[in-house]
Amino acid sequence: MIITEKKALKEILESLKEYKKIFLVGCGECAATAKTGGEPELAAMKAELEKQGKVVTGTCMPEAPCVAAKLKAELARNMKALRECEAVLVLACGLGVQSVKDNDRLSLTVLPALNTVFGAVMDAQGDFYEKCSLCGECVLSITAGICPITLCSKGLLNGPCGGVDKGKCEVDKDKDCAWVLIYKELEKKNKIGKIKEIQPAKDFKKTTRPHKLVMNK
Ligand code: SF4
Ligand code: SF4
């Protein structure tokens, strides 16, 4: 899932300074789970904006604003309030914000209320951890399921740097060195030989943006 954090109110108000009437869009998936764009956060944002003298013409919370089919239905249901507003403030990740812009038929100003921070897994306690950097060439099969691109501070592909100290990372002493974790995991699985498999440099053509996956030609 995509992790977001709320922008400072000052920054949000600065982006809204030319607009009085605002429509709010939340996100029923990632931002709701991260407690940045669900119903309570929409209500809190509405109250904050009204306290600042803004008029909130309406709010909606598509199940997933990054999915056009789900977003469009919500926007259509709220067309009256959308026609009354001067700007749309989106409490979702950058994907959600751009999806609202792409699917808005009224050419409204669409603005972000959140910063998009990272993609994460959620553990059983409900905490979020970044585990994958979407590199396009997954090496988990030879690194015992531990991603060196994301978990090593330098993204090293072929073993640790010289700075590892008692199993900790030289960049962040509170963090385990990813390559020590990989070594221990390979050892546990009796696959330590894999540590010697040299990985070629990444093909950075694969990280050329923007990516696309066309399903319907
Ligand atoms: S190697 Fe790491 S960053 Fe690349 S796809 Fe696999 S998990 Fe993601
Ligand atoms: S100490 Fe380990 S995790 Fe930290 S930068 Fe070096 S190899 Fe990467």
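Cross-linked pairs Lys70/Lys206; Lys6/Lys206; Lys6/Lys35: Cα-Cα separations exceed 19 Å for Lys70/Lys206; Lys6/Lys206.
How much length is gained if the chain between Asp165 and Met215 is pulled fully straight, taking 0.36 nm per residue apart and subtracting their Cα-Cα distance, in nm to one decimal? Additional length available on full extension: 13.2 nm.
What the Cα atoms of the chain give is an Rg and a Dmax of 21.8, 65 Å. Projecting the Cα positions of Thr57, Thr109, Thr207 onto the charge dipole of the chain (unit charges on Cβ atoms of Lys, Arg, Asp and Glu, taken about the Cα centre) puts Thr207 furthest along the positive direction.
Relative to the first principal axis of the alpha-carbon coordinates of the chain, what is the inclination of helix 39-51, with its axis defined by its Cα atoms, in degrees from 0 to 90 and to the nearest 10? Long axis of 39-51 versus the principal axis of the chain: about 50 degrees.
Against the chain, whose longest principal axis is taken from its Cα atoms, helix 68-77 shows a tilt of about 20°.
Once the Kirkwood radius over Cα pairs is known for the stretch 57-165, the Stokes-Einstein relation at 4 °C and 1.567 mPa s delivers a diffusion coefficient of 76 µm²/s.
For the stretch 134-207, the Cα gyration tensor yields ellipsoid semi-axes of 19, 16, 10 Å (square root of five times each eigenvalue, largest first, whole Å). Ranked by how many other Cβ atoms sit within 10 Å of their own Cβ, fewest first, the residues Met215, Met61, Met122 fall in the order Met215, Met122, Met61.
Taken about its Cα centre, the chain carries a charge dipole of about 520 debye when Lys and Arg each add +1 at the Cβ and Asp and Glu each add -1 at the Cβ. Only Cα pairs under 8 Å and 6+ residues apart enter the sum, and on that basis the relative contact order of the stretch 2-118 stands at 35 percent. Loop-located GluC sites (Glu not before Pro) in the stretch 143-217 (DSSP state other than H, G, I, E, B) with a sparse environment of at most 12 neighbouring Cβ atoms within 10 Å: Glu197.
The packing ranking of peptides 47-58, 1-12, highest mean first, is 1-12, 47-58, where packing means the average number of other beta carbon atoms within 10 angstrom of each residue. For Asp176, put the label point 7 Å out on the Cα→Cβ axis and report which residues of the stretch 140-165 keep their amide N under 11 Å from it. Residues 146 qualify, since their backbone N sits under 11 Å from the label point.
With both labels modelled 7 Å from their Cα along Cα-to-Cβ, the Arg105 to Ala44 distance reads 3.4 nm. The angle between the Cα long axis of helix 178-188 and the main principal axis of the chain comes to about 60°, on a 0 to 90 degree scale.
A dipole drawn for the chain from +1 and -1 charges on Cβ atoms has a positive end, and of Ile198, Val100, Trp179 the residue lying farthest that way is Ile198. Computed on the Cα trace of the stretch 2-118, the radius of gyration divided by the Kirkwood hydrodynamic radius gives Rg/Rh = 0.92. Residues of the stretch 121-162 falling in the label zone of Ile192, defined by backbone nitrogen less than 17 Å from a point 7 Å along Cα to beta-carbon, are 143-144, 159-160. Relative contact order for the chain: 17 percent, from Cα pairs under 8 Å spaced at least 6 residues apart, divided by residue count. Neighbour counting of Cβ atoms within 10 Å sorts the residues Arg209, Arg105, Arg77, fewest neighbours leading, into Arg209, Arg105, Arg77.
Remark: Asp203, Asp174, Asp104 ranked as Asp174, Asp203, Asp104, counting other beta-carbon atoms within 10 Å and listing the fewest first.
Where a number appears in this text, it was derived from the coordinates with a stated rule and is not lab data. Computed from a predicted model, the values in this text were never measured in an experiment. Here the Cβ is made from the backbone with ideal geometry for all residues, glycine too, and neighbour counts use every protein chain on show.
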